[in-house]
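Asks: Below are the structure tokens for one structure; questions will follow.
Read the figures in this text as sums done on the coordinates, not as results from a lab. These numbers were taken from a predicted model, which means no experiment stands behind them. Here Cβ is always computed from backbone atoms with ideal geometry, including for glycine, and neighbour counts include all displayed protein chains.
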Amino acid sequence: MRRGPFGTALAVAAALALAACGGGGGGSSSTTTTTTTTTTSSPYAAPGTDSLSTADVQQIVAQAVGEAKARGTPGVIAVTDRVGNVLAVYTMTGARATATIRPGPGGNLDAQGVVAPAAAAAISKAITGAYLSSAGQAFSTRTASMIVQQNFPPSPAAVGLPSGPLFGVQFSSLPCSDLTARFNAAGGAAAFIGPKRSPLGLAADPGGFPLYKNGTLVGGVGVMSDGDYGFDPDISNIDNDDEENVALAATNGFSAPATITADNVSLNGTTLRYSDATTATLKVSPATATPFANLPAGTGSLTPVNGYYAGGSVLAGQVYGQEGSGVRAATTAEFSQPGGYVLTNGAGQNRYPPRAGSDAADVSAPLTAAEVTALLEEAFKVMAHSRGAIRQPANSTAQMSIAVTDTHGVILGVVRAPDASVFGTDVSVQKARTAAFFSNPAAATDLSGDPSADVRGFVQNVRTFFPDPTALNGKTAFSVRSIGNLSRPQFPDGQVGRPNGPLSRPISQWSIFSTGLQSALIITNLGQHLNFVTGASPTDTAPRCSFLPDAAAGQNRLQNGLQIFPGGMPIYRSGKLVGAIGVSGDGVDQDDMVAFLGVFNASSRVSIGEADTSIRADQLLVGPAPAQRLLYVNCPFAPFLDTSDQNVCQGK
């Protein structure tokens, strides 16, 4: 098994989606379209127009400095806007320059034990606070820690329980992603478009919070001071974490509305955690902090970070939802459904308008632009009538990101709800690519063509586990839920004493920083990027994750990485794989449903559809005796706000 370039390499964790109850998936084919009501007005309110000013960012930094000084824990403080632009990185005198990604239980595999710049960790925490949140829910990096570990809720008493609902999301918004934007020191119209990449993916280390103004999500703050970039493995106690207290102090005047913080969300009987720090645990009142302009000489300085921040001055954030942020309302010419938002290049152009598939060399009848449009529209309609799983207040309309890709992994279209959490944008593309990749006849060939023996070994792992010497040759349609089943460190998920799934590390070696194939694919990219951030290399990692062989010139099938929590479905035409759809943002079962019904409903308009039930992964019994049936789709029992439909995925 491979070790990362630094003696291991990257990332950490975050984000949530609720696993609601209910059913459906196998069943016989049907031509009945699930009921969704078409509306002519948007089901969503437009995002607020508040943003962080330079004075706001200065106040946030100054408040963090005041608490850090009172605790004697100098650190690095990072502030971002909602789409990930870094507005300040302030390094206090005496702060540790580096942070070590927490070592693993069975040797430092993948990102375990990697030494990264402390600024990279602080930025990742700030981005996580911003990306996992919205006007309907506020999630911190402590929340993220709860929902990405091998048991939910994480604690010694939870051994035997399934994994967190966003298991694997930490490996998203990666610095190698082709969807996430990069810092542009030259300025211009594209300088501030998002979503921006995160240096360590999403974080699960407490000390990162979202920032709000007048109830509008405007950014995030992250603090790194103790040198340990980790997670909380035991929620049965209350921590007194210096980084979390300093970050909480920073949010004074910019805190999340109390009605939407994660501790208002209950998942399978467990209330999520937002912060173990409170105003009562702070050493000093943030209101008495020395203003930024009056900080004494020697307190610290604004410091540049290669690839993220030029240093020297505090910046103002972008107004989310407007052109300069990289996310804005779609015109009716760009997307016909009311309430749709698109990614933009900062100069008025949609980055991912519906387009035809690029894979005519492999697919006799690739997806057409009209078919991509139908897929996006039908999935959006399902979403716009669905009950969100995590948004507050209860019974709010779901908001997600939706993406379609072809069999080469080329992005054919992306659309979002206006207030969908930003993390879901990159994840929706990851999910589509993951479903298309593993359902593709070239899956085993591509993995076998990776330069890493570690990556290549996962092909044999799968074939032994099934057992099937020709597995991953396109004969099975894999959803992302199916791939997630195979990516758990215990199979079935959480069952003590069972072996790991074939795409996972064994439980004795597993951590959120070393998940298996997911982390093995991108660890070299992470090492390249951290070398660039530290200045050890003048060259950054390319905007393409993994070193899989090209499906076409300059394009591999997993260009922004692999994702392993539900919400991605392959798409077929006359039994032939032609692409996939990915959905992310408001509950894993909701993600599954919107993707699945989006394809099913589009099949009444255009000549594409679901995989035939005979080839779906839920027809397979796999693993050591007693063999277990894989899952394909799991939909909420009664998911819609405007109908009483139940079992909405059954028989389709």
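Asks: With labels modelled as points extended 7 Å from the Cα through the Cβ direction, what inter-label distance (nm, one decimal) is found for residue 605 paired with residue 288?
Replies: 6.1 nm
Asks: What is the set of long-range amide H partners of residue 397 at a cut-off below 5 Å, with H atoms built 1.01 Å from backbone N?
Replies: 388
Asks: Before anything else, pin down the relative contact order of the chain: Cα pairs under 8 Å, at least 6 apart, normalised by residue count, whole percent. Intermediate values should be presented prior to the final figure.
Replies: Working: 1892 pairs, mean separation 136.6, N = 652.
Once divided by the residue count of the chain, the mean separation gives 21 percent.
Asks: A further question on this structure: If amide hydrogens are placed 1.01 Å from N in the peptide plane, which non-local residues have theirs closer than 5 Å to the one on residue 75?
Replies: 92
Asks: Could you give me the ³J(HN,Hα) list for the stretch 67-82, computed from phi with Karplus coefficients 6.51, -1.76, 1.60 and θ = phi - 60°, whole Hz, x at Gly and Pro?
Replies: Each residue's phi maps through the Karplus curve to give 5, 5, 5, 5, 8, x, 10, x, x, 9, 10, 10, 10, 10, 8, 5 Hz.
Asks: Report the one residue of 397, 230, 274 whose Cα lies farthest in the direction of the positive end of the charge dipole of the chain (charges on C-beta: Lys and Arg +1, Asp and Glu -1; origin at the Cα centre).
Replies: 230
Asks: Another one. Suppose a student asked you for the relative contact order of the stretch 54-302, using Cα pairs under 8 Å spaced at least 6 residues apart; what percent would you report?
Replies: Values: 596 pairs, mean separation 71.6, N = 249.
Rounded, it is 29 percent for the stretch 54-302.
Asks: While we're here: For 226, 241, 406, 612, which order do you get if you count the other beta carbons within 10 Å of each Cβ and list the fewest first? Don't jump to the answer; show the numbers that get you there.
Replies: Numbers: 226 17, 241 21, 406 31, 612 12.
Lowest to highest Cβ neighbour count: 612, 226, 241, 406.
Asks: Taking the simple approach of a point 7 Å from Cα along Cα-to-Cβ for both residue 619 and residue 190, what is their distance in nm?
Replies: Label-label distance for residue 619 and residue 190, simple model: 4.5 nm.
Asks: Taking the Cα centre of the stretch 54-302 as origin and charging only Cβ (+1 Lys, Arg; -1 Asp, Glu), how large is the dipole, in debye to the nearest 20? It would help to have the intermediate numbers written out before the result.
Replies: On the way: 13 positive and 17 negative charges, 103 e Å.
Magnitude of the dipole: close to 500 debye.
Asks: Using 1/(1 + (r/R0)^6) with R0 = 35 angstrom and r between the beta carbons of residue 322 and residue 468, what's the FRET efficiency to the nearest 0.05?
Replies: Numbers: r = 51 Å, r/R0 = 1.47.
Calculated transfer efficiency: 0.10.
Asks: For residue 508 and residue 259, compute 0.36 nm times the residue count separating them, minus their Cα-Cα distance, and round to one decimal in nm.
Replies: On the way: separation 249, 0.36 × 249 = 89.64 nm, distance 3.95 nm.
Separation in residues times 0.36 nm, less the Cα-Cα distance, equals 85.7 nm.
Asks: Moving to a separate point now. Any chance you could check the Cα centroid distance between the stretch 305-340 and the stretch 68-112 for me, in angstrom?
Replies: That distance is 25 Å.
Asks: If you don't mind, there's one more thing I want to ask. Please order 223, 61 by the number of other Cβ within 10 Å, starting at the fewest. Write out the running numbers ahead of the final one.
Replies: Working: 223 35, 61 26.
Least to most surrounded, the residues fall as 61, 223.
Asks: Separate question: By per-residue mean of other Cβ atoms within 10 Å, what is the highest-first order of 295-302, 596-603? List each step's numbers first, then the result.
Replies: Values: 295-302: 14.1, 596-603: 25.6.
Sorting 295-302, 596-603 by mean packing, highest first, produces 596-603, 295-302.
Asks: Same structure again: Can you give me the C-alpha center-to-center distance between the stretch 416-453 and the stretch 218-277, rounded to a whole angstrom?
Replies: What the calculation gives is 30 Å, centre to centre.
Asks: Helix-only estimate, please: 222 nm mean residue ellipticity of the chain, summing -39500 (n - 2.57) across DSSP H runs of length 4 or more and dividing by its residues, to the nearest 500.
Replies: On the way: 11 runs with 137 residues, N = 652.
Rounded to the nearest 500, the figure is -6500 deg cm²/dmol.
Asks: Going Cα to Cα from residue 196, which lysines come in below 16 Å? Please leave out same-chain ones fewer than 8 positions away.
Replies: Of all the lysines, those that pass the test against residue 196 - Cα under 16 Å, at least 8 places apart if same chain - are 125.
Asks: Take residue 55 and residue 351, extend 7 Å from each Cα along the Cα→Cβ direction, and tell me the distance between the two endpoints in nm.
Replies: Here the modelled spin labels are 3.2 nm apart.
Asks: Need the C-alpha centroid separation for the stretch 584-652 versus the stretch 165-190, integer Å.
Replies: Distance between centres, Cα-based: 29 Å.
Asks: Here's a follow-up. Out of (1) 3, 12, 19, 22, 21, 14, 7, 2, 0; (2) 3, 15, 23, 24, 19, 11, 4, 1, 0; (3) 4, 18, 30, 28, 15, 4, 1, 0, which label holds the value of P(r) over Cα pairs in 10 Å bins from 0, in percent that was computed here?
Replies: This structure yields the entry labelled (3).
Asks: Step through the residues of the stretch 609-622 one at a time and calculate ³J(HN,Hα) from phi using the Karplus curve (6.51 cos²θ - 1.76 cosθ + 1.60, θ = phi - 60°), rounding each to whole Hz and writing x for Gly and Pro.
Replies: x, 5, 4, 4, 4, 5, 10, 5, 4, 6, 8, 9, 9, 9
Asks: Tell me, 125, 69, 431 in order of fewest to most beta-carbon neighbours within 10 Å? Before the final figure, lay out the partial values.
Replies: On the way: 125 38, 69 20, 431 35.
Going from least to most buried by this count: 69, 431, 125.
Asks: How much length is gained on full extension from residue 395 to residue 45, taking 0.36 nm per residue of separation minus their Cα-Cα distance?
Replies: On the way: separation 350, 0.36 × 350 = 126.00 nm, distance 1.50 nm.
Here the segment from residue 395 to residue 45 would lengthen by 124.5 nm.
Asks: OK, next. Size of the dipole of the chain about the Cα centre, Lys and Arg at +1 and Asp and Glu at -1 on the beta carbon, nothing else charged, in debye to 20?
Replies: On the way: 39 positive and 44 negative charges, 113 e Å.
In debye, rounded to 20, the chain gives about 540.
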